[in-house]
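Chemist: Below is a structure I'd like to ask you about.
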Amino acid sequence: MDHDAAGIQLREKKKKQVQYIQDNGSQKGKASLQRSSKDGRGEAGALIRAWMSLEEKCQGKYKVTEAMDLDIKNGKFIKSEQLREKSPNKAQVPVVIHGDNVVHESLVCVEYIDEAFGNSTLVPGSPSQRAMARMWAKRLDNEIATNFYRLLMSQDKEDQKKIAQSMLEVIRDFSENIQGPFFFGEMISIVDICIAPWLVGYRYDVMKSLRQFVVPEGEEKFWIWSLAMSKHPSWVATISRDLAAMMEVYQP
């Protein structure tokens, strides 16, 4: 499930735009990149997963299209006709359109992009590694990405502590299994892409500021991973660059 609608509903002051990804290229991925005027600020975490994958596999030969706005006054999402037409799954984002193929659910988008454009590099080669990658991606999606929103939406201090502790336990386990600098070694994978939008950059800063959530400095492998991710070209090309805008999205 893609989660950012929950986070967006916390926003009270300004309109938040969500995006979906459309690749109009051939099977070789030849398309153009059209960024929004916001230049990547405050984008949905699920979108970043698909966007990073396109950066990895298509090197800018794709375009990003606005597909949904939030009407703050009425508390409703305004979805484009194209999104309604192309995403039968309740018009969720992100959506990848590649020729006649329409793919949604962000982790499915990552795997599709990986397989559709050249040799698979984001999901490891051996059956055991592929299984491990999918299990970790699913776990991190369920126990970190989902709990990010639970942590921010909860107004109960004890509940916040329980959620934060649960997240830290998963992060410690994740850290212990990092081969370095990325989860499977020198190349980023679906596991790194799955969780980076919530543990690297401004979403981590949001948790730190609003809920005093901090990963201990002793988790050295995690912090080496975080630094490596923050410098990776596909992350740099797609990250949110405006902390104030991000804080405004999630400020209760």
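The values are calculated or read from the model by the stated rules, or taken from the named source; none is laboratory data. Source: prediction; values computed, not measured. For neighbour counting, all protein chains shown are included, and Cβ atoms are generated from backbone atoms with ideal geometry for every residue, glycine included.
Chemist: Of everything in region 213-229, what is more than 17 Å from Ile144 (Cβ to Cβ) and either of a type in the set (Val, Ile, Thr) or within 16 Å of the chain's Cα centre (by Cα) (or both)? Give them in sequence order.
Modeler: Hit for region 213-229 is Ile224, nothing else.
Chemist: Keeping to region 143-162, report how many residues are under 20 Å from the mean Cα position of the chain (by Cα) and closer than 15 Å to Tyr250 by Cβ.
Modeler: 9
Chemist: Criterion first (out of contact with any Leu (no Cβ under 8 Å at 6 or more places or on another chain), part of a helix (DSSP H, G or I) and under 21 Å from Asn177 (Cα atoms)) does Trp235 satisfy it?
Modeler: It is false that Trp235 is out of contact with any Leu (no Cβ under 8 Å at 6 or more places or on another chain), part of a helix (DSSP H, G or I) and under 21 Å from Asn177 (Cα atoms).
Chemist: Go through region 35-62 and give me each residue that's modelled with pLDDT under 75, out of contact with any Lys or Arg (no Cβ under 6 Å at 6 or more places or on another chain) and of a type in the set (D, E, K, R).
Modeler: Matches in region 35-62: Arg35, Lys38, Asp39, Glu43.
Chemist: Taking region 181-206 on its own, how many of its residues are modelled with pLDDT of 95 or more and over 21 Å from Trp51 (Cα atoms)?
Modeler: Of the residues in region 181-206, 2 are modelled with pLDDT of 95 or more and over 21 Å from Trp51 (Cα atoms).
Chemist: What is the one condition in (1) in contact with a helix residue (DSSP H, G or I) (Cβ under 7 Å, 6 or more places away or on another chain); (2) surrounded by fewer than 14 Cβ atoms within 10 Å (Cβ to Cβ); (3) basic (Lys, Arg) that Arg150 does not satisfy?
Modeler: (2)
Chemist: Here's something else I'd like to know. In region 213-220, is there at least one residue being under 23 Å from Met135 (Cβ atoms) and at pLDDT below 95?
Modeler: no
Chemist: When only residues in region 91-127 that are within 21 Å of Ala196 (Cβ to Cβ), without any contact (Cβ under 8 Å) to a residue 60 or more places away in the chain and over 18 Å from the mean Cα position of the chain (by Cα) count, which is surrounded by the fewest Cβ atoms within 10 Å (Cβ to Cβ)?
Modeler: Glu115
Chemist: Which residues, counting only those in region 216-232, are part of a helix (DSSP H, G or I) and exposed (fewer than 14 other Cβ atoms within 10 Å of the Cβ)?
Modeler: Result: Glu220, Leu227, Ser230, Lys231.
Chemist: Could you tell me whether Asp173 is within 19 Å of the chain's Cα centre (by Cα) and closer than 30 Å to Pro216 by Cβ?
Modeler: Considered against the rule, which asks whether it is within 19 Å of the chain's Cα centre (by Cα) and closer than 30 Å to Pro216 by Cβ, Asp173 comes out as no.
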